[in-house]
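*Asks:* I am attaching a structure below and will ask some questions about it afterwards.
Computed from the coordinates by the stated procedures, all read-outs in this text should not be read as laboratory data. Since the model is a prediction, treat every value here as computed from it, not as a measurement. Neighbour counts run over all protein chains shown; Cβ positions are idealised from the backbone, glycine included.
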Amino acid sequence: MACFLVPAGEAIVTTVVQKVVDNREKKAGGEKTKKTGLSWSRRLSWLNKLLWGGTILLALEHVWHGEVVPWPPFLTATENLAEVPVMLHEMATIGVGMAIFVTIVWAIIVMIVELKAKATPEAKVKPISGGE
Amino acid sequence: MWLIMTALAAVITTAIWYIKAPEGKYKLGLLSLIFWGATLMWFVDHVMAYLAEGGEFFELNLDATLLGLSVIIFALIIWEIALLRDDPRGVLKRMKKGE
C-alpha cells in the first residue's frame with residue numbers, strides 16, 4: 001500500500017547525513033580512513049543508492065498496482081478511512097522490515113570492505129614506485 | 001516474477017561492474033545498487049506476505065512479467081539520465097562544440 005514510504009524516509013535522512021559528512025570531510029581536507037582509503041560519505045552513498053533505487057522502483061510497482069495515483073491524496077488507501085489502519089500496519093511491519101534489511105545488508109558490505117582492507121598487506125595496497 | 005527479474009538484473013550488472021572495476025566510468029555501480037535495493041525490498045515484501053497470508057511465493061503470470069520488464073526499463077532510464085548528466089566520455093560536450 002505505502003510500505004516504500006518508510007525506506008524513502010530513511011533515504012531522505014541518510015542523504016542529509018551524507019551531505020553533512022561530505023562537507024565535514026572536505027573541510028578536513030578530504031579525510032579518508034587510513035585502512036580502506038574510503039571516506040564515510042562514499043560509504044553512505046552506497047546506502048543512499050540502495051534506498052533511493054529501491055524506493056523509486058517500488059513506487060513504480062505501486063503505481064502499476066493502482067496503489068499510488070498522480071492526483072491527491074496520491075495513496076488510494078487514504079481514500080477509504082477503513083483502509084488507513086491497514087496501510088499504517090503495513091508500513092510499520094513490511095516498510096520498517098525493508099528499511100532495516102537494506103541497512104543490515106549495507107552494514108555487512110561495509111564490514112566486508114573493512115575486513116578485506118585489513119587482510120590486505122600494506123605493500124600490496126601501495127603502488128610500486130621505482131626499482132629495488 | 002518481478003522479484004526474480006530484478007534479482008537477475010542485479011546479479012548481471014554486478015558481474016559486469018566487477019569485470020570493469022575499479023574503473024567506474026559508466027556508473028555500473030549505481031545501476032547495480034538500484035537493482036539490489038529494489039531486490040532486497042521486494043524480498044522482504046514477499047517473505048512477510050508469504051508468512052502472513054501464505055499462497056504462492058512468486059507471482060508467475062503475464063502481468064507480473066510485464067511489471068518486471070517495466071521495472072528494469074525504468075531503472076535503465078534512471079541510469080542513463082545519470083550517465084548523460086555526467087557525460088563521462090564527453091560526447092555531449094563534443095556535440096556542443098560541433099565536432
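*Asks:* Please give me, ordered by residue number, the trypsin sites (Lys or Arg not before Pro) of segment A:1-84 that lie in loop per DSSP and have at most 15 other Cβ atoms within 10 Å.
*Replies:* A:32, A:34, A:35
*Asks:* Describe numerically, in nm with one decimal, the distance between label points set 7 Å from Cα along Cα→Cβ at residue B:23 and at residue A:111.
*Replies:* Output for this residue pair reads 3.4 nm.
*Asks:* Mind checking segment B:1-94 for GluC sites (Glu not before Pro) that DSSP puts in a loop (not H, G, I, E or B) and that have at most 10 other Cβ atoms within 10 Å?
*Replies:* Listed in order of number, the matching sites are B:23, B:56.
*Asks:* Given R₀ = 30 Å, what would the calculated FRET efficiency be for residue A:89 paired with residue A:65, taking r from the Cβ atoms and rounding to 0.05?
*Replies:* 0.95
*Asks:* A follow-up question, please. Give the long-range amide H neighbours of residue B:26: residues separated by 5 or more places, or on another chain, with amide H under 5 Å away, using H modelled in the peptide plane at 1.01 Å from N.
*Replies:* none
*Asks:* With labels modelled as points extended 7 Å from the Cα through the Cβ direction, what inter-label distance (nm, one decimal) is found for residue A:12 paired with residue B:95?
*Replies:* With each label placed 7 Å out from Cα toward Cβ, I get 3.5 nm.
*Asks:* If you plug each phi of segment B:21-31 into the Karplus form 6.51 cos²θ - 1.76 cosθ + 1.60 with θ = phi - 60°, what whole-Hz ³J(HN,Hα) values come out, in order, with x for Gly and Pro?
*Replies:* 4, x, 5, x, 4, 9, 6, 5, x, 4, 4
*Asks:* Would you calculate the separation in nanometres between label points at residue A:96 and residue B:65, each defined as 7 Å from the Cα along the Cα-to-beta-carbon direction?
*Replies:* Reported label-point gap for residue A:96 and residue B:65 is 3.9 nm.
*Asks:* Can you tally the net charge around residue A:107? Count Lys and Arg as +1, Asp and Glu as -1, for every other residue whose Cβ sits under 12 Å from the Cβ of residue A:107.
*Replies:* That sum, taken over residues with Cβ under 12 Å, equals 0.
*Asks:* Nearest 0.05, what FRET efficiency do residue A:28 and residue A:119 give at R0 = 25 Å with Cβ-Cβ as r?
*Replies:* 0.35
*Asks:* Students often get this wrong, so check it: of A:27/A:49; A:49/B:20; A:26/B:96; A:27/B:27; B:27/B:93; A:19/B:27, which have C-alpha atoms separated by over 22 Å?
*Replies:* The pairs that break the limit, which is 22 Å between Cα atoms, are A:27/A:49; A:26/B:96; A:27/B:27.
*Asks:* Could you work out how far helix A:5-27 tilts from the main Cα principal axis of chain A, as a 0 to 90 degree angle to the nearest 10?
*Replies:* Approximately 30 degrees, to the nearest ten.
*Asks:* Enter the mean projected area of the convex hull around the alpha-carbon atoms of chain A, in nm², rounded to one decimal.
*Replies:* Answer in nm², one decimal: 11.3.
*Asks:* While we're on this one: With point charges of +1 on the Cβ of Lys and Arg and -1 on the Cβ of Asp and Glu, referenced to the Cα centre of chain A, which listed residue (A:23, A:7, A:93) lies farthest in the positive direction of the dipole?
*Replies:* Looking along the dipole axis, the top candidate is A:23.
*Asks:* Another question, if that's okay. If eta is 0.692 mPa s and T is 37 °C, what Stokes-Einstein diffusion coefficient results for segment B:2-87, Kirkwood Rh from Cα pairs, in µm²/s?
*Replies:* For these conditions, the coefficient is 236 µm²/s.
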